[in-house]
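Participant: First the structure, which I've put down as structure tokens, then a few questions once you've had a look.
The values are calculated or read from the model by the stated rules, or taken from the named source; none is laboratory data. Keep in mind that what you see is a predicted model, and the values were worked out from it rather than measured. Cβ sites come from the backbone with ideal geometry, for glycine too, and all protein chains shown count toward neighbours. These area figures cover heavy atoms from the full protein model, side chains too; ligands, DNA and RNA do not enter into them. Shrake-Rupley method; radii C 1.70, N 1.55, O 1.52, S 1.80 Å.
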Amino acid sequence: MTAYLNALGVICALGRGKAEVAHRLLAGDGSGMQNCPKRVAGRTLPVGAVTAELPSLAGAELHDATRNNQLLLAAAEEIRAEISAAIIRFGAARIGVVIGTSTSGIQEATQGVAGLVRDGHLPSSYHYRHQELSAPASFLTDLFQLSGPSYSISTACTSGARALLSAKRLLDAGICDAVLCGGVDTLCDLTLQGFSALEATSERICNPFSVSRDGINIGEAAALFLMTRDAAPIALLGGGASSDAHHISAPDPQGQGAIEAMHKALASASTRAEHINYLNLHGTATRHNDAMESVAVAAVFPAGVPCSSSKPLTGHTLGAAGALEAAFCWLALSEHNPTRLLPPHCWDGQQDPELPRLNLVAAGTSMAATGARRMMSNSFAFGGNNISLIVGDAP
């Protein structure tokens, strides 16, 4: 059954709202990347921070008062009219919520515990529910007074992509008529310090697939779709998931799980590799992940495919990344891209001779002017968790 992506709300380092994000994405404008205001393990790290004004949570319950929920609210406000129309049409009990996250409100929880250590008591702003992984889904459910299935998914960097697959299953099973689905994550000490401890962060803007790549930048974002069975111009055509469980944090060097996820996505969409117009790479700019993905992409697309990583423009938004990068495909297919540009790959142009050569998109490259368009987006996570989604013109 076709799952139509009827509406999209988005906020990230590229800006707030579809028009601004699409313009800067397609121009390869990475000016939203900035240095973290405080040093991380003695280092100055670039981050993909959201600088747009966020909606107020004044009047919200204390347990909802997190930056994570502010980002999610910004995305929801962009499509509030479409959500309201869906509630009127289907009823609150027929609308589900599935949100991917890895941080939830852990930053506020961290600040609360720091206050306890410093002052001997928890600050009045602290609530234990800030850090619950279910918090963003519960926030949206309460905000719109929904009573359908509501849950969060936390599979590290595939969380947002897996939320879209889960939402489609709710529609396919007839459990829901509409689902709010996507991902949200916030810059926080836990992830900045954690990835720094793994020696995975770079002090420069990340440089995916370059011979000089040396790690990731962390970012924050929210991307929220309204998915229904109602026909719309853009659809989730298919998706594939695998779990190779190669290592707790390192990818399988042969990319078998990634290859399996891409093949499953193609089969699910009833299409072939040569019919994919563009691939959004996971492209984290770590030594091992880029090497694995190069091998996997070369195996699935032996004739090549136009591809790019958007992480030099947004940072790696972790639990939001899968939904955000599906959103980038949606934007490239939408009216916000009248000249059919592909998102460019922003790097130093220094090919790693040890990696299979990929067809990395140069600025100003456009899609073919005719035919149905199909775009794949890859997300790979700790524990060998792999997702590939295919977004395209609705059949």
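Participant: I want to confirm something. Restricting to the range 1-48 and keeping residues that are part of a loop (DSSP other than H, G, I, E, B) and closer than 17 Å to F225 by Cα, which single residue is farthest from the chain's Cα centre (by Cα)?
Facilitator: Going through the qualifying residues, I end up with T2.
Participant: Which one of L180, L165, L187 is open to solvent by 30 Å² or more (accessible area, probe 1.4 Å), within 15 Å of the chain's Cα centre (by Cα) and at pLDDT 95 or above?
Facilitator: Values: L180 fails: open to solvent by 30 Å² or more (accessible area, probe 1.4 Å); L165 fails: open to solvent by 30 Å² or more (accessible area, probe 1.4 Å).
Answer to the selection: L187.
Participant: Taking into account only those residues within the range 94-118 that are of a type in the set (G, A, S) and touching a Leu at 6+ places or on another chain (Cβ under 8 Å), which is nearest to L71 (Cα to Cα)?
Facilitator: S104
Participant: Of the conditions (1) open to solvent by 30 Å² or more (accessible area, probe 1.4 Å); (2) under 21 Å from G392 (Cα atoms), L5 clears all except one; give me its number.
Facilitator: With respect to (1) open to solvent by 30 Å² or more (accessible area, probe 1.4 Å); (2) under 21 Å from G392 (Cα atoms), L5 is out only on (1).
Participant: Out of curiosity, is S154 within 19 Å of the chain's Cα centre (by Cα), open to solvent by 30 Å² or more (accessible area, probe 1.4 Å) and more than 29 Å from A85 (Cβ to Cβ)? Working first, answer last.
Facilitator: Details: within 19 Å of the chain's Cα centre (by Cα): yes; open to solvent by 30 Å² or more (accessible area, probe 1.4 Å): yes; more than 29 Å from A85 (Cβ to Cβ): yes.
The answer is yes for S154.
Participant: For the range 209-218, give me each residue that is open to solvent by less than 30 Å² (accessible area, probe 1.4 Å), assigned to a loop (DSSP other than H, G, I, E, B) and either within 30 Å of A7 (Cα to Cα) or among the hydrophobic types (A, V, I, L, M, F, W, C) (or both).
Facilitator: Restricting attention to the range 209-218, the residues satisfying the condition of being open to solvent by less than 30 Å² (accessible area, probe 1.4 Å) are 209-210, 213, 215-218.
From what is left, the residues that are assigned to a loop (DSSP other than H, G, I, E, B) are 209, 213, 215, 217.
Within the range 209-218, F209, N217 meet the criteria.
Participant: Right, next: Regarding D142, is this residue in contact (Cβ under 8 Å) with a residue 60 or more places away in the chain, among the acidic types (D, E) and either touching a Pro at 6+ places or on another chain (Cβ under 6 Å) or part of a helix (DSSP H, G or I) (or both)?
Facilitator: yes
Participant: Open to solvent by less than 20 Å² (accessible area, probe 1.4 Å) and closer than 22 Å to A163 by Cα: does that describe P55?
Facilitator: No: the conditions fail for P55.
Participant: When you look at S147, is it under 24 Å from L180 (Cα atoms), open to solvent by 50 Å² or more (accessible area, probe 1.4 Å) and not in a helix (DSSP H, G or I), yes or no?
Facilitator: In short, yes.
Participant: May I pose another question? Restricting the search to the range 238-266, which residues are open to solvent by less than 70 Å² (accessible area, probe 1.4 Å), free of Cβ contacts under 8 Å to residues at least 60 places away in the same chain and not in a loop (DSSP other than H, G, I, E, B)?
Facilitator: I259, the sole residue that qualifies.
Participant: Scan the range 77-107 for residues that are part of a loop (DSSP other than H, G, I, E, B) and not aliphatic (A, V, I, L, M) and jot them down.
Facilitator: Once the filter is applied, which keeps residues that are part of a loop (DSSP other than H, G, I, E, B) and not aliphatic (A, V, I, L, M), the range 77-107 yields G91, T101, S102, T103, S104, G105.
Participant: Quick one: would you say L198 is open to solvent by 30 Å² or more (accessible area, probe 1.4 Å) and modelled with pLDDT under 95?
Facilitator: Answer is yes for this residue.
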